[in-house]
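Right, one structure below, let's go through it.
The values are calculated or read from the model by the stated rules, or taken from the named source; none is laboratory data. All values derive from a computational prediction rather than experimental measurement. Here the Cβ positions follow ideal geometry from the backbone for every residue, glycine too, while neighbour counts run over all protein chains shown. Protein only, heavy atoms only, side chains kept; ligands, DNA and RNA dropped before computing areas. Shrake-Rupley method; radii C 1.70, N 1.55, O 1.52, S 1.80 Å.
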Number of protein chains: 4
Amino acid sequence: MIVVLRPGLKQDEIQKVVQRIEGFGLRAHISEGKERTIIGAIGDERLLADQSLESFPGVEKVLPILKPYKLVSREFQKANTIINVNGQKIGGKKIHVMAGPCSVESREQVLESAIPVKEAGATFLRGGAFKPRTSPYSFQGLGEEGLGHLARAREITGLPIITEVLDPRDLEVVCEYSDILQVGARNMQNFKLLTEVGKLDKPVMLKRGMSATIQEFLLSAEYIATEGNRKIILCERGIRTYEVETRNTLDLSAVPVLKQLTHLPVFVDPSHGTGRWDLVAPMALAGIAAGADGLLIEVHSHPELALSDGPQSLKPEKFAAMMQELKRVAEAVGREL
Amino acid sequence: MIVVLRPGLKQDEIQKVVQRIEGFGLRAHISEGKERTIIGAIGDERLLADQSLESFPGVEKVLPILKPYKLVSREFQKANTIINVNGQKIGGKKIHVMAGPCSVESREQVLESAIPVKEAGATFLRGGAFKPRTSPYSFQGLGEEGLGHLARAREITGLPIITEVLDPRDLEVVCEYSDILQVGARNMQNFKLLTEVGKLDKPVMLKRGMSATIQEFLLSAEYIATEGNRKIILCERGIRTYEVETRNTLDLSAVPVLKQLTHLPVFVDPSHGTGRWDLVAPMALAGIAAGADGLLIEVHSHPELALSDGPQSLKPEKFAAMMQELKRVAEAVGREL
Amino acid sequence: MIVVLRPGLKQDEIQKVVQRIEGFGLRAHISEGKERTIIGAIGDERLLADQSLESFPGVEKVLPILKPYKLVSREFQKANTIINVNGQKIGGKKIHVMAGPCSVESREQVLESAIPVKEAGATFLRGGAFKPRTSPYSFQGLGEEGLGHLARAREITGLPIITEVLDPRDLEVVCEYSDILQVGARNMQNFKLLTEVGKLDKPVMLKRGMSATIQEFLLSAEYIATEGNRKIILCERGIRTYEVETRNTLDLSAVPVLKQLTHLPVFVDPSHGTGRWDLVAPMALAGIAAGADGLLIEVHSHPELALSDGPQSLKPEKFAAMMQELKRVAEAVGREL
Amino acid sequence: MIVVLRPGLKQDEIQKVVQRIEGFGLRAHISEGKERTIIGAIGDERLLADQSLESFPGVEKVLPILKPYKLVSREFQKANTIINVNGQKIGGKKIHVMAGPCSVESREQVLESAIPVKEAGATFLRGGAFKPRTSPYSFQGLGEEGLGHLARAREITGLPIITEVLDPRDLEVVCEYSDILQVGARNMQNFKLLTEVGKLDKPVMLKRGMSATIQEFLLSAEYIATEGNRKIILCERGIRTYEVETRNTLDLSAVPVLKQLTHLPVFVDPSHGTGRWDLVAPMALAGIAAGADGLLIEVHSHPELALSDGPQSLKPEKFAAMMQELKRVAEAVGREL
């Protein structure tokens, strides 16, 4: 951590900053420049992260040198984390596609997606039973009944299930039915939920918040990891920008950035990332080309009747066609589908 | 709701869209233009909000005409909502300033802020016992112990308390101690929490999410209102933009926009809105000039030792000086402090 | 164009809006809803684009139905525009890679990039002689001398040249040397420059402004097209967001969106789009997978000595390796390199 | 400038970075930490701004310590710059309001604004003759004819004129008629235009670009200042964000930030900043409360007939009412109008 001092500070004022730094067990290393004096705080600067050095009299600004997260960082663990879910290995050479409807609406509706996506090569079934909806007047999900429909589809297709949890109080029931927990974008900084999920021995997919920086995203993953759960999958799902042609702006450069910074698997959700079914295939292809380990795709047999996210849902036949293209691009970049 | 059809649609395709609209009890009104045919869906378009008309074959786009929220809208209730908290009327002519430390750190620390802010004219004491922190390594708040310190400060100063709740499971204990509940920016779309808060008979301050549109903000307020709780205060606290000189970009134009769209009181938090103590006073003055009903201000007797948000906390003497200026600006715009 | 009226408007006020619309030669089609009356303005709504209907008394909002651009739209011309530059066809099956240094620094430096990029498969040489630099203290380019170095490199390698023009007064000299003019992101709304470029018979690459919407981007292209020049290439080069890990956020979803909305070729610049050489290859691959017609890539033989944009420049050997990968991905999506 | 090295670097690699720094006449000061070695580059780091140290092998990141601008900085000149235009002093205690139509449409239309704004207390007349318009189909301004109308209004009212220049080739004619040149948001990084304007002895108002950081804004002002022209007024006019209720998000915190960083006068344009006439008055009041030295306001006698920006133009009577309120707020913050 570099502490830049305001110009014209007196010696005893500088010493107060030094003492404050040393009080945390770090060494202070003063360097006098022509226009500014700076102090290097040497040691584990995470100890200082919370200390309000920037509001110390005479301090102009504080520049961190180290990353604020640890367990999820590539420096902490060089090798990729591989997560084994019912025999499926996530984070390795094989690319996984998790597909299914946005919301679980009925037993039949789930099956109408689950069976064709399985046939087309998807390896997980997605579907929401507890739904975070912007409007209180929107369909809020079937709750536990919906989980039951997913479980039934798993029995029939053999596909493991990924589904969202919104509330620490629902964790037990969601865990009972699902193979992977999803923490959605709106809950990326629901730290109580992260902490509870961190105590479980259950893989979790953490989606990037709508306006989260990559650093904040990794700090949220660190919340889970510090509690013990290291089976974390990250998912880029689009960030909020001024552009209105798409629902969000899918930040695909986050994929290679995350692959550098962390050992965790990185997925892409082109359905939420664009909000438009006609952009899902090109952005899915682009996501794999950029180095993603997998995809999350919304599929609905009748998008025009869907109770949520119809405009971004692929029909099963479009999904199947996309899977063919994905296979070719995956191979072109040395992966397999 | 206006449904714009793709060019070259056949009559029977148009009829299918019409039937879908009529199936929801709305009237469909077709209007053929030179380049596009459009259908006006007449009736309560909120019924259609969830229906995936945009994914209907032949539909190019859907343009909503009405606001998606109702109870919180100015159309629903013309007169300003006035919320009475222990005799203090929020939303009327008087501007309220809620001040105190970011985090409760100790009994003494709370009092060191509470007493001077009371003397300077603040009418509520703020302070966090449950803290949402970006990093798991940061101070997470004292929890119920902290609430006790706030209650003790209330006894001594007479100032009612506003404090944040993060988790539905903490609601009971937080309600026991606090006079106003705060739902923070990171929880603006924690719909489970909003729903629980909506069931209570307790005033609640809802802070705008970091990247929430004004419409989403009002829909989150609507979540609370639909459950029965109408004692809602809105708080603008800065949005995320590309600018780095400030922690957030305080969107003061949201104040007059909200005053038009809703009857609820609107506050401004210039401390989080800027992240810098030296910008708090000018932005507090600007907030009142823009029409805000009150302010939320972080005050700490020793910002350089604060366990959170030191850089944006005012010292008590700076706070007192600001209150003098605020009084003059409030009067200039026909309000009182 | 849909004109939504405020509630409670009187008949004569409605008639005034109708008369205004009809005054522009459009038909007005009134439709009375339960909560709002709307007027459809039927005809060429571009005539109304400038007319301040939103400030008409009684008008709540105006919703455009049609796109505001015409010549560059896919509706106007179904087939892809193919631009022939010295025998190279841009916009067809073949993907073009334009590569070279950010700034022209010397004759040798240009050749040290030009020769290896040609060998690796690039089909155009890029290089800036007139440079738009954020700081007046930065290297501003060699001007005409730099154009001479580019011309010399073209003689040696046979690669046609693309280079930027900043000022209408430099157009003549830049045209003399270059095969494609580049209008940079900072000049996307330099309408005087667009107009002058539109009068020439010279292909032009128009880069998306740092915070331009896709609609504004196409309107800027329309400026060029209305003057007569239809040889326009669009280039996505990253937009400004809050994320700080990358210099800009490369908006790859703009690629399939643009391919739908316009017949013009669409390129991607992953060098400016990310600002980091280590992200150039994954984002170049992703750009091609998303459907781009070509790439603009910065290559420098000694990035650490570059006078501009060193951190985002690839060394020639990295560039050559990337071209091999690009070839495979291009084929996977049915294109060739 | 702090150069952070990658972990595990060898001594000779470190020495190469040191030599590079010393080659620019700076001193290198090495400091070895537990996890990272850093090098402080001591001296005028602006010399290094352009040097691609970040792409040096072994360099992880480069952190600047000093501001990249000089002449416009508060460190360079402590006292506020006061600009004298025809006896009006801009940047002192008195707040100046520059008002008038967005576009000059006719001699009468200018006078219909000019006379009432003068009576209401405006001290400058604004009006555009050369207009930067997003669409080529929009009204592009009357050009020199429009300048003549402005000059005539000046004769009648005595108000000095501020008007925009778009193109270096128009500078001579615009200078002939106008008292203050305006460089608009879209040209904030038209460096050729900035350079030309910098050579003149004519006050210039520089508007912040739509997505310009405050640092970039000041660097653009520095472009003008380095050429010799120090009579620069800065104007905040709203930045681009995701919010759609307003045309732009007026960043009022930029006002106190700029007042700290620079000695130049700072204005606010609430008309473009919000895009809505009904938000102009509250945001004008807020701007003055935040510390602005003046305002730029669009006034039109018939906004519903305006050829540009009608929705954000005030009628003369609304403008006059606002001026009364502004006077009170100005006095409340120790200024005068």
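If amide H atoms are built 1.01 Å from N in the plane of the peptide, which residues on other chains or at least 5 residues away come under 5 Å of the amide H of residue C:337?
Residues meeting the amide H criterion: C:95.
Within a Cβ distance under 11 Å of residue A:200, other residues only, what is the Lys/Arg minus Asp/Glu net charge? The partial results should precede the final answer.
On the way: positive: A:199, A:202, A:231; negative: A:172, A:196, A:201, A:227.
Overall, the nearby charge balance is -1.
Classify chain D as rounded, prolate or oblate, taking a ≥ b ≥ c as the square roots of the eigenvalues of its Cα gyration tensor: rounded when a/c is under 1.5, otherwise prolate if a/b is larger than b/c and oblate if not.
Working: a/c = 2.35, a/b = 2.16, b/c = 1.09.
Judged from the Cα gyration tensor, chain D comes out prolate (a/c at least 1.5, a/b above b/c).
Taking the dipole about the Cα centre of chain C, with the C-beta of Lys and Arg at +1 and of Asp and Glu at -1, give me whichever of C:130, C:62, C:18 is farthest to the positive side.
The residue sitting most towards the positive pole is C:18.
For residue A:144, which inter-copy label distances result when the label point lies 7 Å beyond Cα on the Cα-to-Cβ vector, reported in nm to one decimal and in ascending order?
Those label-point separations list as 2.8, 8.3, 8.3 nm.
Once every DSSP H run of n ≥ 4 in chain D is given -39500 (n - 2.57) and the sum is divided by its residues, what mean residue ellipticity at 222 nm do you get, rounded to the nearest 500 deg cm²/dmol?
Calculated from helices alone, the mean residue ellipticity at 222 nm is -10000 deg cm²/dmol.
With +1 assigned to the C-beta of every Lys and Arg and -1 to the C-beta of every Asp and Glu, and no other charges, what is the dipole magnitude of chain C about the Cα centre in debye, to the nearest 20? Present the calculation step by step, with values, prior to reporting the outcome.
Values: 42 positive and 43 negative charges, 158 e Å.
It comes to approximately 760 debye.
Measure nothing fancy, just the Cα-based angle from helix A:316-332's long axis to the longest principal axis of chain A, in degrees from 0 to 90, nearest 10.
On a 0 to 90 degree scale, this one is about 50.
Looking only at other chains, what is the average number of their beta-carbon atoms within 10 angstrom of each beta-carbon in B:23-31? Write out the running numbers ahead of the final one.
Details: counts 0, 0, 0, 2, 3, 0, 6, 1, 8.
Per residue, the number of nearby Cβ atoms from other chains is 2 on average.
So if I place +1 on the C-beta of Lys and Arg and -1 on the C-beta of Asp and Glu, and nothing else carries charge, what would the dipole magnitude of region B:75-166 be about its Cα centre? I want it in debye, nearest 20.
Numbers: 11 positive and 9 negative charges, 83 e Å.
About 400 debye.
Relative to the longest principal axis of chain B, what angle (0 to 90°, nearest 10) does the C-alpha long axis of helix B:11-22 take?
Roughly 40 degrees, rounded to the nearest 10.
Per residue of A:181-188, what is the mean number of Cβ atoms on other protein chains within 10 angstrom of that residue's Cβ?
Numbers: counts 0, 0, 0, 1, 1, 7, 6, 1.
Per residue, the average neighbour count from other chains is 2.
Between the chain alone and the structure with every protein chain in place, find the residues of region C:133-151 that drop at least 40 Å² of accessible area; heavy atoms, 1.4 Å probe.
When all protein chains are present, C:134, C:136, C:137 each give up 40 Å² or more of accessible surface.
Cross-link partners among aspartates and glutamates for residue C:207, C-alpha distance below 12 Å, same-chain residues fewer than 8 apart left out?
List returned: C:164, C:216, C:236, C:269.
Quick check: the distance between the Cα centres of region D:293-320 and region B:9-60, to the nearest angstrom?
38
Please work out the average accessible area per residue across region C:83-332, using the 1.4 Å probe convention, and give it in Å².
That works out to 27 Å² for each residue.
Once amide H atoms are built 1.01 Å from N in the peptide plane, which residues 5 or more positions from residue A:105, or in another chain, come under 5 Å H to H?
Distant-sequence amide H within range of residue A:105: A:110.
Under 1.5 on a/c is rounded, so check that first for the protein assembly as shown, then, if it is not, pick prolate when a/b is larger than b/c and oblate when it is not; a ≥ b ≥ c are the square roots of the alpha carbon gyration tensor eigenvalues.
Note, shape of the protein assembly as shown comes out rounded.
For the protein assembly as shown, give the magnitude of the charge dipole about the Cα centre (Cβ charges: +1 Lys/Arg, -1 Asp/Glu; no others), in debye to the nearest 20.
On the way: 168 positive and 172 negative charges, 0 e Å.
Magnitude of the dipole: close to 0 debye.
Pick out, in residue order, every one of the trypsin sites (Lys or Arg not before Pro) in region B:24-78 that is DSSP loop and has at most 13 other C-beta atoms within 10 Å; say none if there are none. Walk me through the numbers on the way to the answer.
Working: sites: B:27, B:34, B:36, B:46, B:61, B:70, B:74, B:78; in loops: B:34, B:36, B:70, B:74, B:78.
When the trypsin sites (Lys or Arg not before Pro) of region B:24-78 are filtered for loop state and at most 13 Cβ neighbours within 10 Å, B:34, B:78 remain.
Taking 35 Å as R0, compute the FRET efficiency from the Cβ-Cβ separation of residue D:27 and residue C:108 and round it to 0.05.
Numbers: r = 31 Å, r/R0 = 0.90.
E(calc), rounded to 0.05, equals 0.65.
Given a Förster radius of 51 Å and the C-beta distance between residue C:331 and residue D:74 as r, what FRET efficiency does 1/(1 + (r/R0)^6) yield to the nearest 0.05?
Working: r = 58 Å, r/R0 = 1.14.
That gives a FRET efficiency of 0.30.
Positive end of the charge dipole of region B:210-315 (Lys, Arg +1 and Asp, Glu -1 on Cβ, about the Cα centre): tell me which of B:281, B:218, B:299 has its Cα farthest that way.
Value computed over the given set: B:218.
For a protection proxy built on the mean count of beta-carbon atoms within 10 angstrom, sort D:170-178, D:190-198 highest first, please. Intermediate values should be presented prior to the final figure.
Numbers: D:170-178: 16.6, D:190-198: 23.0.
By packing density, highest mean first, the sequence is D:190-198, D:170-178.
Averaged over A:36-45, how many beta carbons belonging to a partner chain fall within 10 Å of each residue's beta carbon?
Details: counts 5, 0, 8, 1, 8, 1, 7, 3, 3, 4.
The shielding value for this peptide is 4.
Would you jot down the residues in region C:244-259 that end up with at least 40 Å² less accessible area in the complete protein assembly than in the chain alone, with a 1.4 Å probe?
Residues passing the criterion (a loss of at least 40 Å², heavy atoms only) are C:245, C:249, C:253, C:256, C:257.
Starting from the amide H of residue B:239, placed 1.01 Å from N in the peptide plane, find each other amide H under 5 Å away whose residue is 5 or more places distant or on another chain.
Residues meeting the criterion, in which the H sits 1.01 Å from N, are B:249, B:250, B:251.
Report the D-B buried area as the accessible area lost on both sides summed, probe 1.4 Å, in Å² to the nearest 100. Intermediate values should be presented prior to the final figure.
Values: alone 15530 and 15520 Å², together 28190 Å².
Its buried surface, counting both partners, is about 2800 Å².
In the structure displayed, which of C:259/D:192; C:93/C:231; A:10/B:118; A:67/D:67 lie more than 29 Å apart, Cα to Cα? It would help to have the intermediate numbers written out before the result.
Details: C:259/D:192 33 Å; C:93/C:231 17 Å; A:10/B:118 35 Å; A:67/D:67 24 Å.
Exceeds cut-off: C:259/D:192; A:10/B:118.
For helix C:144-157, what angle does its Cα long axis make with the longest principal axis of chain C, in degrees from 0 to 90 and rounded to 10?
For C:144-157 against chain C, the angle is about 70 degrees.
I'd like the carbon and sulfur percentage of the solvent accessible area for chain C, probe radius 1.4 Å, heavy atoms only, ligands and nucleic acids excluded.
Details: 5260 of 10960 Å².
Ligands and nucleic acids excluded, carbon and sulfur reach 48 percent.
List the residues of region D:274-313 whose accessible area drops by at least 50 Å² when all protein chains are present, compared with their chain alone, using a 1.4 Å probe and counting only protein heavy atoms.
D:283, D:289, D:304, D:311
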